[in-house]
Every structure is written in C-alpha cells, then in structure tokens.
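Chemist: Sharing a structure, written as structure tokens. Questions coming.
Since every read-out is calculated from the coordinates, none of them should be taken as a lab result. Quantities reported herein were computed from a predicted structural model and do not represent experimental measurements. No Cβ is skipped: glycine too gets one built from the backbone with ideal geometry, and neighbour counts run over all protein chains shown.
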Amino acid sequence: MDQPRKPLIANRCRLRRREFLCGVGASFALLAQPSRVIAKDGASAAQNEFRVVTARTGYASLLGASGPPTDIWGYDGTCPGPLLKVRRGEEMKVRLVNALPEPTTIHWHGLRLRNAMDGAPNLTQLPVPPGSSFDYRFTARDSGTFWYHSHENSSEQLARGLYGLLIVEEPHDVGVDRDIALVVDDWRLSPDGSIDTAFRSMRDASREGKIGDHFTANGSPLFDIPVATNERLRLRLVNAANARIMALRVDRHEPTVMALDGQPAEPFVAREARVALGPGNRADLFIDARLAPGSTSEILLDTGMREVAIARLVYAHARARAAPLGDMRPLPANPLPERMDFAGALKLDVALDGGMMGMMGPRGLAGGNQTGQTSKSGPGTAPSRQGYSGAAIWSLARRASDGHSARPLFSVKRGRTVVLAFANRTAFPHAMHIHGHHFRLLDRLDDGWKPFWLDTVVVPAGQTWRIAFVADNPGKWMLHCHMLEHQETGMATWFEVG
Ligand SMILES: [Cu+2]
C-alpha cells in the first residue's frame, strides 16, 4: 500500500521556534504550531488514522474535457478537494501537508468545533509553512453540509482552488434517493484558460471584491446530475466564490429548502425555485424529480445580465417509481441553543464602513504585521505580494484589522447571548461570517427571528441587520466579511468567549 510522506510530530527545529517568537510576537508562543514534514518510509499506527490532505499544485478541467487543463492549487491537487465525510458525533482527523510555495491553514467553515482547530492564522494557530504539516482533530457536533478552505492569503488561495466539501452525515437515513453536491465558483481566467494572477487588486477590493465570469460546479463548466422520474434528490449547494453572491434557480422544479449553512431549517419551498447564496453560504434542497423520463432540466446562475447553466438534471429513460414520495420530514435537529436571553444580552452596533464611495484612505491595518498576510515562520518564505497588502479600505466597528489584532472586538462570558447590529453604511453588500457559532437572523421590526440558522449573512448596502447567538464555544473566534478581498483590507476582527 502506498504511504504518503509522514510528518514527524516530535521534530521541531529550535531555530525556527525562535524565529516564530521574534518574528510574529511572543503571544504566538501559545498558538498551536505546525510540524516539519520529514520524508520517511512507513508510519506508526497512530499516524495512519489521519486522513492526509496535501495542499499542492494540480490541474482542473475548468473549461471542460475538450479545453486545456488549468493549473490550480488544490487539496490533493484537485478542485474541489477530496470529499471529506464523517458521521455526526465522530471524530475527524485530517493531517494538512503543505506542499505549496507559501504558508497556509485549513478553516472548517461552519463547524462548531474546538477553537484550536479553527484554522484562523495567528489567532488559533500559526500558519503552516511550506514543507510542514498540521493535524486537525475535532468531533463533528452537527450533521449537515459544510466546507473547508484555506484561511491564509485567502483571496489568492481560494481563487486558485483551495477548498473542498465536508459532509457530516445525519444519524439516520433522511429519505432521499440521491445525494449530490454542487460546489459553485466563479473564476477569472486568461484567454489560454490559466487563472488570472492579478490578485489583491485595489480596484476589486474597494468594490464588490473579485468577481469572475467563468462558472463551474464541482470544477466543471456544466455538471450533469443523473436522476430518474419520481426520485427525491438532495442537492447540497455551496458558494465557494471569493465575492460573488450566487443567485441560483432550478428550472421546472420546485425545490424545498431543508437546511441553510449546514443547519436544518423549518422546510420551505424556495420562491420561484430560486436560492441566493453569499460567499460561504450553503443550502440543502430536496427536489422531487417530476419531469418525464428522458427530460433534461438546467440549474441556472443569474449573473444579473443573463442566466448561465452550471448543471443539469439529466433524466433516465425509465421511472424510479410510479409516483413521487410523500411528505418531506425535516432533517434531524442539531444540538443548537433552544433559547436566548435577550434581556441579559451583550448588544453591540457593528458599523461597516469604507470602500468606493465611502473610501477611508490608504491606512495600514491595525494590529498584526503590516502586510497582514505574510508569515515569517519558516523556510520557503512567501513570495512578496503585490497589490493591496496591508492597506485598509474597509472597517468593521470603526477599526480596520486583519482579524488577529491585539484587541478583540468584544469579550463575553461563555453562555451569554450576543446581539450584533451590522449597519452596512457602504455602497456594497457584505457577507458577515462568524466562526465557531451559528446565529439567528432577527426580524427587522420585532424580536422574532427567521426560522433558520446561519453562519454567514449577506447584509445589503445601506441596511442594518441584526443577528443573535449564544456565545457558548470558548476561545478566540474571527468575525469577518467573507468577500475575501474585503476581509483582507480591513473588514475582519475577532471576539473572545471566556
Ligand atoms: Cu465585504
């Protein structure tokens, strides 16, 4: 059996440790540190239990089978990366090996896991230098649709393909015939099919972020989903784009929204068969395939100018059964807080400012180093970055930060309810993402809330939206815009649950 190169956890170079302390501040001594990868034949039994995921260069057929392949960065060299699956309540053990030319981490988006495994660089762990590895190990508390992606130099590393799907399986069968995921992305490609490497553009960052015009689902320009008449399909949608809000429509079908951002919702029929997902958002749809055998139906992405097919439901020539299945039962609940104490809540106004038509001026980011990105923590130091590195274009609660500054936005005792009012005073929408917790979106006029949970919410320009959550997961958690160019130019902070 082929064994991947195994890291030796015990081997830590003293010199490099000293560099950590000098280079990025003594407080980071407390952060979990990566291990050096040592090429070695054979491995201990304990190491075998980890699923090794290597961040490396690879290829993807973004232009389809007939087009030239595109050089990407991907987990195990593929985009999306390998599908990771675990059953609820079980432990996930992933060893990230960094074979990239620059540092990286993995963030497990939407998972309410223990803080040290969250992958927030310089907040919960040191970035993993090239040639090193990091062991992620956590229990999956919630079943649902999640994804994992780089959280270091995110705007470039995600745009190059470093993301994948993570499914936490329900404790019992949910009554579908097929379970298909569509990880949707938009790419900016050069005419020869290669990824446009003009990352960190001030122009993109000060507007809606980097928007691509080449669309893929699961790395393919048109992904075919086989179905049969009267089957029930579970469709897991993930928006993996840097900045685009994906407005999707399933033609000639009536999808029911069963879960959002991994958490079961009170099922509801999607209006006009449309679902809009901000960057990072997921939706689980149940779709009864009611067209005639041999039919084909499209899943369309609305660019605002036109609709583009990104996938198709391709019907078999025979029926699966004589009639569709009966009622849809809600997905099994996850252990989320049942109530919130609004009277005793910490309430905070979080102003979102900056950007084009609200420009703050070119200041440096508060906290952290001025590049905000570049790790000095190991060999193969990241190449010098062009573009906006270190510039403050946006602010969150009147501070422009890279998300690991010395001071948290707030500190809260474990178990307290937190209400945040995101006041978007900019000319662009922002996808506000909170790590380690799911929140309720509050109604505009009263203290009711929407019948679903989210970990990322798109706050439209000029509007104030309030969210509430119980800060029940101890540690240091990022709160940032998931439009990655915004995140990297000021719209990021963190909070502490004690
Ligand atoms: Cu934003």
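Chemist: Would you kindly give the portion of the calculated P(r) for segment 178-315 that falls above 20 Å, as a percent of all Cα pairs?
Modeler: Numbers: 4413 of 9453 pairs.
That fraction is 47 percent.
Chemist: Taking the Cβ-Cβ separation of Thr464 and Arg319 as r and a Förster radius of 51 Å, what is the calculated FRET efficiency to the nearest 0.05? Display every interim value, and only then the final one.
Modeler: On the way: r = 50 Å, r/R0 = 0.99.
E between Thr464 and Arg319, to the nearest 0.05, is 0.50.
Chemist: In terms of the Cα gyration tensor, with a ≥ b ≥ c the square roots of its eigenvalues, is segment 135-231 rounded because a/c is under 1.5, prolate because a/b exceeds b/c, or oblate? Please report the intermediate quantities before stating the final value.
Modeler: Details: a/c = 2.95, a/b = 1.52, b/c = 1.95.
The shape class here is oblate.
Chemist: With the dipole of segment 178-315 worked out from charges on the C-beta (+1 for Lys and Arg, -1 for Asp and Glu) around the Cα centre, which of Val308, Thr216, Ala259 lies farthest toward the positive end?
Modeler: Checked the options; the winner is Ala259.
Chemist: Assign unit charges at the C-beta atoms only (+1 for Lys and Arg, -1 for Asp and Glu), then state the dipole size of segment 67-166 relative to its Cα centre in Debye, rounded to the nearest 20. Mind showing how you got there, number by number?
Modeler: Working: 10 positive and 10 negative charges, 98 e Å.
Charge dipole of segment 67-166: 460 debye, to the nearest 20.
Chemist: What FRET efficiency, computed as 1/(1 + (r/R0)^6) with R0 = 41 Å and r the Cβ-Cβ distance, is obtained for Asp251 and Glu496, rounded to the nearest 0.05?
Modeler: Details: r = 47 Å, r/R0 = 1.14.
About 0.30, to the nearest 0.05.
Chemist: Just rank Met357, Met432, Met328, fewest to most, by other beta-carbon atoms within 10 angstrom. Write out the running numbers ahead of the final one.
Modeler: Details: Met357 11, Met432 28, Met328 16.
Least crowded to most crowded, the residues run Met357, Met328, Met432.
Chemist: Sticking with this structure for a sec: Explain nothing, just the number: dipole magnitude of segment 178-315 about its Cα centre with +1 on each Lys and Arg Cβ and -1 on each Asp and Glu Cβ, in debye rounded to the nearest 20. Walk me through the numbers on the way to the answer.
Modeler: Details: 18 positive and 20 negative charges, 29 e Å.
The dipole magnitude comes to about 140 debye.
Chemist: Sort segment 75-139 into rounded, prolate or oblate with this rule: let a ≥ b ≥ c be the square roots of the eigenvalues of the Cα gyration tensor; rounded if a/c is under 1.5, and if a/c is not under 1.5, prolate when a/b is larger than b/c, oblate otherwise. Don't skip to the end; give the middle numbers.
Modeler: On the way: a/c = 2.08, a/b = 1.27, b/c = 1.64.
Verdict is oblate for segment 75-139.
Chemist: Radius of gyration and Dmax for segment 64-197's Cα atoms, expressed in Å?
Modeler: Calculated on Cα positions, Rg and Dmax stand at 16.0, 47 Å.
Chemist: How big is the charge dipole of the chain about its Cα centre, in debye rounded to the nearest 20, if each Lys and Arg gets +1 on its Cβ and each Asp and Glu gets -1 on its Cβ? Kindly include the intermediate steps, with their values, before the conclusion.
Modeler: On the way: 59 positive and 52 negative charges, 287 e Å.
Using Cβ point charges on Lys, Arg, Asp and Glu, the chain gives about 1380 debye.
Chemist: If each residue of separation counts as 0.36 nm, what is the full-extension length gain between Arg407 and Ala427 once their alpha-carbon separation is subtracted?
Modeler: Working: separation 20, 0.36 × 20 = 7.20 nm, distance 2.76 nm.
That pair, Arg407 and Ala427, stretches by 4.4 nm at full extension.
Chemist: Taking 8 Å as the Cα distance limit and 6 or more residues as the minimum spacing, I'd like the relative contact order of the chain as a percentage. Provide the component values of the computation, followed by the final result.
Modeler: Values: 1405 pairs, mean separation 73.1, N = 498.
Relative CO of the chain lands at 15 percent.
Chemist: Choose one of Leu248, Gly355, Ala181: the residue whose Cα lies farthest towards the positive end of the charge dipole of the chain (beta-carbon charges +1 Lys, Arg; -1 Asp, Glu; about the Cα centre).
Modeler: Gly355
Chemist: Enter the per residue convex hull volume of the chain, computed from alpha-carbon coordinates, in Å³ rounded to the nearest integer. Provide the component values of the computation, followed by the final result.
Modeler: Working: hull volume 76.6 nm³, N = 498.
Dividing the Cα hull volume of the chain by its residues yields 154 Å³.
Chemist: Contour minus end-to-end for Thr296 and Arg114, with contour as 0.36 nm per residue of separation and end-to-end as the Cα-Cα distance? Walk me through the numbers on the way to the answer.
Modeler: On the way: separation 182, 0.36 × 182 = 65.52 nm, distance 4.40 nm.
Result for the pair: 61.1 nm of gain on full extension.
Chemist: Moving on to the next point. Separation of segment 210-287 and segment 100-163 by C-alpha centroid, Å?
Modeler: One Cα centre to the other: 24 Å.
Chemist: With a 10 Å radius around each residue's Cβ, average the other Cβ atoms per peptide and rank 332-341, 98-107, 263-272, highest first.
Modeler: Details: 332-341: 13.1, 98-107: 23.9, 263-272: 15.1.
In descending order of packing, they fall as 98-107, 263-272, 332-341.
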